[in-house]
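Here is the structure we will look at, set down as structure tokens.
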């Protein structure tokens, strides 16, 4: 029995010796890709934090494999996705850590489009964190790249994000400027869903600014688009907003009529 074990072991060692380093690395990378896809599926369908924890575990396992085999593109994408999860969790320091890892890889690979998106994501983190100055800095860097690449859709997205930051910051005039730039691009691209969202955002700005007549006008335009697109969820949210703010609007409109 012992001699048989020795023979089997010798065969196994010989077979391993036949595997080239490139073959082993390819198999490892395939395992990493499998883990990454499983993590993506878990994140997309996640209902609880437990589901997200499983996704993070698989992303981190995949990341270790990609780092071991030197698969830089996959490192960048996986680190970016980990940043998204930690941002959603409110763990902003970890989100920044992963996004910066992703950003370094994208710059090394001269992936300008990916660099622009990760800069945008860093802006999102700092906006969520309440660090508005840093958020604006990252968004402006992202915007410059998107304009350089003539990525009009991405440009509209980042302009909208800048509007969000300045609205949260209470700088309503700047928020309106950015939203109107974003709105023009969405209309140019015939992005009706995006147009409806930006019209809604303009309504929020003017409501917070106390300019209720303009707020109502933008909300009504946004609602019309949501109905046109049969976006029942969006329509419901808009109608709920009108209901919750009805006293404010009716009081204002009653005073100016």
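Worth pointing out:
- Residue in segment 82-95 that is modelled with the lowest pLDDT, counting only those that are part of a helix (DSSP H, G or I) and surrounded by fewer than 22 Cβ atoms within 10 Å (Cβ to Cβ): 88
- Among the residues here, residue 182 does not qualify as within 24 Å of the chain's Cα centre (by Cα), at pLDDT below 95, under 30 Å from residue 119 (Cβ atoms) and surrounded by 15 or more Cβ atoms within 10 Å (Cβ to Cβ).
- Test: residue in segment 114-123 that is out of contact with any strand residue (DSSP E or B) (no Cβ under 8 Å at 6 or more places or on another chain), surrounded by fewer than 17 Cβ atoms within 10 Å (Cβ to Cβ) and without any contact (Cβ under 8 Å) to a residue 40 or more places away in the chain: no
- Of the residues making up segment 220-236, those that are at pLDDT 90 or above, part of a helix (DSSP H, G or I) and either under 12 Å from residue 192 (Cα atoms) or within 25 Å of the chain's Cα centre (by Cα) (or both) number 8.
The values are calculated or read from the model by the stated rules, or taken from the named source; none is laboratory data. Computed from a predicted model, the values in this text were never measured in an experiment. Note: ideal-geometry Cβ built from the backbone for every residue, glycine included; neighbour counts use all protein chains shown.
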